[in-house]
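Data first, discussion second: the structure below is written as structure tokens.
The values are calculated or read from the model by the stated rules, or taken from the named source; none is laboratory data. No experiment lies behind these values; they were computed from the predicted model shown. Note that each Cβ is placed from the backbone with ideal geometry, even for glycine, and that neighbours are counted across all protein chains shown.
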């Protein structure tokens with residue numbers, strides 16, 4: 001699942017537009033569960049804006065929806 005939501009080339013482009021260059025190593029260096037929990041539990045830190053957990057919760061849904069549309073041809 002992590003591949004589809006994070007490592008898949010189109011997903012990676014989305015995340016790279018949202019995650020600062022200096023934080024990408026940390027962002028991409030987790031297993032699925034740790035990646036999910038660490039990003040959903042981030043509080044207001046200098047590295048992310050106030051709404052990061054909200055954005056992080058929504059973006060994977062759009063990535064998954066887009067991927068399903070591509071794979072299954074359903075809109």
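Key figures for this structure:
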item	result
Checklist (1) surrounded by 11 or more Cβ atoms within 10 Å (Cβ to Cβ); (2) in a helix (DSSP H, G or I); (3) modelled with pLDDT under 90 applied to residue 25, failing item	(1)
Output for segment 28-42, where each listed residue is under 10 Å from residue 53 (Cα atoms), assigned to a helix (DSSP H, G or I) and either in contact (Cβ under 8 Å) with a residue 12 or more places away in the chain or touching a strand residue (DSSP E or B) at 6+ places or on another chain (Cβ under 8 Å) (or both)	39, 40
Test: residue in segment 3-16 that is touching a helix residue (DSSP H, G or I) at 6+ places or on another chain (Cβ under 6 Å) and modelled with pLDDT under 85	yes
Restricting segment 48-59 to residues that are at pLDDT below 85 and loosely packed, with under 13 Cβ neighbours inside 10 Å, the residue that is nearest to residue 70 (Cα to Cα)	51
Residue in segment 60-75 that is surrounded by the fewest Cβ atoms within 10 Å (Cβ to Cβ), counting only those that are more than 14 Å from residue 4 (Cα to Cα) and touching a helix residue (DSSP H, G or I) at 6+ places or on another chain (Cβ under 9 Å)	75
